[in-house]
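The values are calculated or read from the model by the stated rules, or taken from the named source; none is laboratory data. Note that the structure is a prediction, hence the values are computed from the model and not measured. Cβ placement follows ideal geometry from the backbone for every residue including glycine, while neighbour counts extend to all protein chains displayed. Remember, those area values only see protein heavy atoms, side chains included, never the ligands or the DNA or RNA. Shrake-Rupley method; radii C 1.70, N 1.55, O 1.52, S 1.80 Å.
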Amino acid sequence: MKKAVIISIVLVAVIALLRFSLFTVAAGEAAVVTQFGKPVATITEPGLRWKLPGFLHRVHRFDARVELFNTQPIQLLLGDKNPIIITTYVAWRIDDPLLYLRSLVRRQTAQEKLSDMVISALGASLADYTLDHIINAQQEQVKIAELERRVLDTAAAQAREKYGVQVVRVGLRRLSYPSIVADAVYNRMRAEREKEARKYRAEGTEAAAKIEAATDKEVSEIMADAYKQAEIVKGQGDQAATRIYAEAYAKDPEFYDFLKSLELYQKTFKPGTTLILSSDSELFRYLNSPEGRR
Amino acid sequence: MTPEDSSHMALRWSFQRTAWFALWIAVSLLVLYLASGVYSVESSEVGVVLRFGRVADAAVPPGIHYALPWPVDRVVRVPVRNVRRLSVDDFHAEGVFASNFRSLTGLASYLVTGDNNIVTVSCVIQYSIHDPAKYLFSLTDSERTLRSLAANTLTHTLAGLGIDGILTTGKAGIQLSVKQGLQRRLDELDSGLAVSFVELQDVRPPDQVQAQFNDVINAKIDKF
C-alpha cells in the first residue's frame, strides 16, 4: 500500500524534474541558456538538452531560419552623378545567438539596423559605378551582381561583429528613377519612336516613288515596242497589198479595171444616190457597153 | 465473524476493486498514449519526422506510419504535390505591390532596360516544394522570399537587354533566364523550392509613351 504511494510520488517528482530540466531545440532554432541572466550555454544544433530545473536556468529560443525584409526605397547617386532610387531586400539569420542576445536587439530593431548598414554600404559602393554598370544592353557589362556582393560583404562583416547576425544575401529588388529623370526618359522614348515612325514612313514614300518611276518606264517601253511592231506589220501589209495588186493587174489588166470599177460603184452608189455626170465619163464605161469600149 | 471483520472485508474488497479499476484506466491510457503515434500521410504530402526537434526522417512517403508519441516525435506534413502560383506584379502599373510603392514614393512601377528605356511587366511563377526539410527549416517566409528573389532576377535580366528585344522576340529567352536565375538564388538560400514555370505577361511600354509605340507599328503597316 505504502509502496504504491511512494512509487507514485517518486514518479511524479521524476516527471516534474524531467519536465522542468529537459528541453528540445528544434531544427531551424537556436537557444541560449542563462543562469540568473548569465549565459551558460549556446545551442545551435537541434536536439534534446539538459538544464537546471525551473528558474535556475532559463532558455532563450531564437528562430535561426533565414528571414527576409525589404529596405525603404532610397535615392542615391551613382559615380556619374546620376540619381537612382533603389529598393533592396536583405536576407539574414541569427548566427551567434549569444551575441544576438547580448546586443539586446530584437527582430524589428535588428532589421532597422541592418537596413541602415546595407543602405550606407550601398551608397558608398555606388560611387564606383556608373549608370552603364547598372543597365547596359551588353549583358556582360552589367555589374549589379558585383555591386550586390560588395554591399553584402561590407554589411555582413559589421552585422556579424555587432549583432551576431549573418547577412546571407543582399539584392536590388527595384530600380527606379526620380520623376524628373523618368519624364526625361519618357520624352526620349517618345522622340526615338517618332523618329522610327518617320523613318518607316519615309522609306515607304521612297519605295512608292521608286515603284511609280519603274512602272512609268516600263509602260513607255512597252508602248514604244508595240508601236514599232505595229509599224512593221503595217509596212508588211502594205507591201503585200501592193504586190497582190500588181500581180492581179499583170494577169489581166482589163479584168482588173473592171473589178476595180465595180468596187468603186459599190462604194459610191448607195440606195437613193443621185449622180449627175456626163455619159462620156470614164465612170460609165462598163455601164454603157459591157465590153468596156471607150 | 464480528461486524468489524465484515466491514473490514467490504472495505478491502472495495479498495481492491478501485485499485484494479485504476490499473485498468492506467493501462488503457498507456495503450491510447502509444497508439497516438499512428499517423497518416496523404498522397499529395510528404511527412517530416522530428525526434526531439532533430530531423529523424526527412521524407516519409504517403500511407499509415508510426512515430513515437508526444513529446518524443513530431510529424510535419508538407504538401509537395501542390503546384503553387505567385504573381509578381511589382513592375506592373496596376499591381498591389506597385500601388504600395506608389503610396510610399509617389512613383510609378516599372523595370529599366539595358538601353535605358522603361517597360512594365507582370510575371507569373509556378513552383512547388522540392525538399520538405529545407522548406521547413531554412526560411521563415518562403513566398515573401520567392517574390523578392523574383523581383531581383527580373531587375537583373532586363538591365542587360534592349527594349526592342524585350517587346518583340526576346520573351522566351527572358522567361528561361529568369527561371534559371531564380532557381539559382532559391538554391543559394536552401529554400527547398523548385520553380517549374515562369511566364511574362503584359510586357509593354508605359502608358506615357504607348501612343508613340503604336504609331511605329502603324508606320510599319503603312510602309507595306
**Message:** Checking the conditions here, which among B:Tyr127, B:Tyr66 is more than 12 Å from every other protein chain (Cβ to nearest Cβ), aromatic (Phe, Trp, Tyr) and more than 22 Å from B:Arg185 (Cβ to Cβ)?
**Reply:** B:Tyr66
**Prompt:** Restricting attention to the stretch B:182-208, which residues are surrounded by fewer than 16 Cβ atoms within 10 Å (Cβ to Cβ) and within 19 Å of A:Gln139 (Cα to Cα)?
**Reply:** B:Arg184
**Message:** Out of everything in the stretch B:92-109 that is under 23 Å from B:Gln126 (Cβ atoms) and part of a helix (DSSP H, G or I), what residue ends up being farthest from the other protein chains (Cβ to nearest Cβ)?
**Reply:** B:Val96
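The rows are residues; the columns are (1) modelled with pLDDT under 80; (2) open to solvent by 100 Å² or more (accessible area, probe 1.4 Å).
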residue: A:Glu221; (1), (2): no, yes
residue: A:Leu264; (1), (2): no, no
residue: A:Glu282; (1), (2): yes, yes
residue: A:Arg293; (1), (2): yes, yes
**Asked** Does the stretch B:50-91 hold any residues that are charged (D, E, K, R), more than 29 Å from A:Ala31 (Cα to Cα) and part of a strand (DSSP E or B), and which are they?
**Response** B:Arg84, B:Arg85
**Residue count, the stretch A:112-141 (criterion: in a loop (DSSP other than H, G, I, E, B), within 16 Å of A:Asn82 (Cα to Cα) and within 14 Å of another protein chain (Cβ to nearest Cβ))** = 4
**Top-ranked residue in the stretch A:149-173 [being touching a residue at least 60 places away in the same chain (Cβ under 8 Å), within 14 Å of chain B (Cβ to nearest Cβ) and charged (D, E, K, R); ranked as farthest from A:Ile134 (Cα to Cα)]** = A:Arg169
**Fill in**
When A:Pro53 is run through (1) in contact with a helix residue (DSSP H, G or I) (Cβ under 8 Å, 6 or more places away or on another chain); (2) without any contact (Cβ under 8 Å) to a residue 40 or more places away in the chain; (3) more than 30 Å from B:Ala26 (Cα to Cα), the failure sits at (3)
**Message:** over 29 Å from B:Glu143 (Cβ atoms) and crowded, with 19+ Cβ neighbours inside 10 Å: is that true of A:Leu126 in this structure?
**Reply:** yes
**Request:** Sort out which residues of the stretch A:63-74 are over 30 Å from B:Lys134 (Cβ atoms) and within 9 Å of chain B (Cβ to nearest Cβ), and write them in order of number.
**Result:** A:Gln72, A:Pro73
**Prompt:** Out of the residues in the stretch B:144-181 that are outside any helix (DSSP H, G or I) and more than 11 Å from chain A (Cβ to nearest Cβ), which is least open to solvent (accessible area, probe 1.4 Å)?
**Reply:** B:Gly170
**Request:** Can you tell me which residue among A:Ala208, A:Ala240, A:Ala184, A:Ala224 is closer than 20 Å to B:Asn218 by Cα and free of Cβ contacts under 8 Å to residues at least 24 places away in the same chain?
**Result:** A:Ala208
**Message:** Whether any residue in the stretch A:27-38 is in a strand (DSSP E or B), within 12 Å of chain B (Cβ to nearest Cβ), in contact with an Asp or Glu (Cβ under 7 Å, 6 or more places away or on another chain) and modelled with pLDDT of 90 or more is what I want to check.
**Reply:** yes
**Single unsatisfied condition, A:Ala4 versus (1) modelled with pLDDT under 90; (2) within 11 Å of chain B (Cβ to nearest Cβ); (3) surrounded by 19 or more Cβ atoms within 10 Å (Cβ to Cβ)** = (3)
**Message:** Here's a check for you: in the stretch B:182-217, which residue that is of a type in the set (Asp, Glu) and more than 16 Å from the chain's Cα centre (by Cα) is farthest from the other protein chains (Cβ to nearest Cβ)?
**Reply:** B:Glu199
**Request:** Specify the residue that is surrounded by the most Cβ atoms within 10 Å (Cβ to Cβ); the eligible residues are those in the stretch B:75-91 that are closer than 25 Å to A:Arg173 by Cα and within 14 Å of another protein chain (Cβ to nearest Cβ).
**Result:** B:Phe91
**Prompt:** Can A:Val233 be described as within 14 Å of chain B (Cβ to nearest Cβ), at pLDDT 90 or above and either open to solvent by 80 Å² or more (accessible area, probe 1.4 Å) or closer than 27 Å to A:Ala121 by Cβ (or both)?
**Reply:** no
**Asked** Somewhere in the stretch A:100-114, is a residue open to solvent by 30 Å² or more (accessible area, probe 1.4 Å), free of Cβ contacts under 8 Å to residues at least 40 places away in the same chain and among the basic types (Lys, Arg)?
**Response** yes
**Item:** Verdict on B:Ile25 being part of a strand (DSSP E or B), over 23 Å from A:Gly28 (Cβ atoms) and open to solvent by 50 Å² or more (accessible area, probe 1.4 Å)
**Value:** no
**Request:** Consider B:Gly47 carefully, then state whether it is within 30 Å of B:Arg204 (Cα to Cα), touching a residue at least 12 places away in the same chain (Cβ under 8 Å) and crowded, with 17+ Cβ neighbours inside 10 Å.
**Result:** no
